[in-house]
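The values are calculated or read from the model by the stated rules, or taken from the named source; none is laboratory data. Nothing here was measured: the structure is a model prediction, and the numbers come from that model. Note that we place each Cβ from the backbone using ideal geometry, even for glycine, and neighbour counts take in every protein chain shown.
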Amino acid sequence: MAKTKGSLNLLKNKAKKEIDSAKDLKDLDLIYKTYLGDESELAQILRSLKDLSKKKKAKIGKEANELKNFLKIKFTEAAAALKEKAEKEKEMKEWFDITVPGKKAVSGHLHPITLVRRKTEEVFQSMGFSVIEGPEMEEEWYNFDALNIPKNHPARDLWDTFYLKNGLLLRTHTSPVQIRYMEKNQPPLRIIVPGRCFRHEATDFSHEINFYHVEGLMVGEGISVANFKAIIEEFFRKFFGKPMEIRFRPSYFPFVEPGFEIDMKWNNEWLEMMGAGMVHPNVFKNAGLPPHQINGGGWQGFAFGIGLERLAMIKYKVEDIRLFYGGDLKFLNQF
Ligand code: PHE
């Protein structure tokens, strides 16, 4: 059946409309098959040209080929436009605003006692002290006897502790490490010993059954209280960021002689900060070192014990020691 120019025009308009309304490349592909595929009307027209008269063949052949070329261009243009549109949409989907503040990963942070411990270590290290550790489960000998606290000494009541089934006890202070260290190291020496201590006692705002001490020990030839005063003033100055007023108050600890308590002025009040004193000759002897002799020779030095909670309570204005161990995030997240 011969096609007239009118039906080719109809075909052209129909194809144009469909091409223009194609939603995506897949859609366009189907439309292509309908209008330019092997089974399309146009293909059939072109195939049937051979059966036409010469005149008609020339006329319809020309028109059909024109339509074919027109449609091909139209498809190419539509395909390019659809491709661009798809790319734009993809870009829009992948686009994100780099100026929007990110979501922070929730990360933990250091406990206030750890912060204070690290600062303390830093300050003493700057003065040539080494950081040493000792066992939390300790022998009675190191915790008491070697520190000049024999079995029936009333001072043992001050350091009542937890006795373990394995014959050891939970250390009540870091002072046993004085002995442990001097057994293995010859003076001159400068150490601090941060660590956890335990006591069998009722808890209140300033007492806990476990807490942290930093022991200090400096031994040499003729190390005196004057050296101690200089070191501890420097520690407070660096720790609190300004010079602090301190005073020495006589006190008693069996492992020092003389012994004193160091108070620091804070808001016009004297606060007890630490125990200290000159290392007792019996402590040197128990560690296997000769104590200082009046007529020459031997070692002398000072020791001290600071509570890290006390430092943290002052530095961070915390009024109850129990907060440090309560695990309450409302408290801990403030640091
Ligand atoms: N060990 C003492 C205490 O538990 C502190 C201290 C250490 C005192 C060293 C004097 C010398 O309180």
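Report, ordered by the first and then the second residue, all pairs with beta carbons closer than 8 Å, sequence separation of six or more or different chains, a first member in the range 9-28 that is of a type in the set (K, R), and a second member that is modelled with pLDDT of 90 or more.
K12/L67; K12/F70; K12/L71; K16/K74
Being more than 10 Å from the ligand (Cβ to nearest atom), of a type outside the set (D, E) and under 24 Å from P290 (Cα atoms), is that true of even one residue in the range 249-260?
Yes, the conditions are met somewhere in the range 249-260.
Among the residues of the range 301-320, write down those that are buried (at least 20 other Cβ atoms within 10 Å of the Cβ) and more than 19 Å from I231 (Cβ to Cβ).
Selection gives E309, A312, M313.
Go over the candidates F302, F335, F331, F324 one by one and state the one that is free of Cβ contacts under 8 Å to residues at least 40 places away in the same chain and among the aromatic types (F, W, Y).
After ruling out the rest, the residue left standing is F331.
Give the residues of the range 279-300 that are of a type in the set (A, V, I, L, M, F, W, C), within 16 Å of the ligand (Cβ to nearest atom) and either more than 24 Å from F248 (Cβ to Cβ) or surrounded by fewer than 20 Cβ atoms within 10 Å (Cβ to Cβ) (or both), sorted by residue number.
Scanning the range 279-300 gives a single hit, A287.
Out of the range 109-151, which residues are outside any loop (DSSP other than H, G, I, E, B), among the acidic types (D, E) and over 28 Å from the mean Cα position of the chain (by Cα)?
Selection gives E138, E140, D145.
For the range 264-274, give me each residue that is touching a strand residue (DSSP E or B) at 6+ places or on another chain (Cβ under 6 Å) and more than 15 Å from S206 (Cβ to Cβ).
M264, W270
If I ask for residues that are within 12 Å of the ligand (Cβ to nearest atom) and closer than 18 Å to T120 by Cβ, which ones from the range 192-217 would you list?
Within the range 192-217, I192, V193, G195, C197, F211, Y212, H213, V214, E215, G216, L217 meet the criteria.
Can you find a residue that is in a helix (DSSP H, G or I), under 19 Å from R117 (Cα atoms), assigned by TED's automatic domain parsing to the domain that holds R196 and more than 12 Å from the ligand (Cβ to nearest atom) anywhere in the range 301-310?
For the range 301-310, residues in a helix (DSSP H, G or I), under 19 Å from R117 (Cα atoms), assigned by TED's automatic domain parsing to the domain that holds R196 and more than 12 Å from the ligand (Cβ to nearest atom): present.
Can you find, within the range 181-234, the residue that is modelled with the highest pLDDT among those that are part of a loop (DSSP other than H, G, I, E, B) and acidic (D, E)?
Top of the filtered list is E221.
So that you can scan it fast, the table gives a plain yes or no per residue for (1) in contact with a helix residue (DSSP H, G or I) (Cβ under 7 Å, 6 or more places away or on another chain); (2) assigned by TED's automatic domain parsing to the domain that holds H213; (3) closer than 26 Å to E257 by Cα:
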| position | (1), (2), (3) |
| --- | --- |
| F129 | no, yes, yes |
| E139 | no, yes, yes |
| L147 | yes, yes, yes |
| H153 | no, yes, yes |
| R156 | no, yes, yes |
| W159 | no, yes, yes |
| L164 | no, yes, no |
| G167 | no, yes, no |
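Which number in (1) more than 13 Å from the ligand (Cβ to nearest atom); (2) among the small types (G, A, S); (3) under 36 Å from the mean Cα position of the chain (by Cα) marks the one condition that G222 misses?
For G222, the failing item is (3).
Filter the range 160-179 down to the residues that are out of contact with any strand residue (DSSP E or B) (no Cβ under 9 Å at 6 or more places or on another chain) and surrounded by fewer than 20 Cβ atoms within 10 Å (Cβ to Cβ), then identify the one that is nearest to L217 (Cα to Cα).
Among those residues, the one meeting the criterion is D160.
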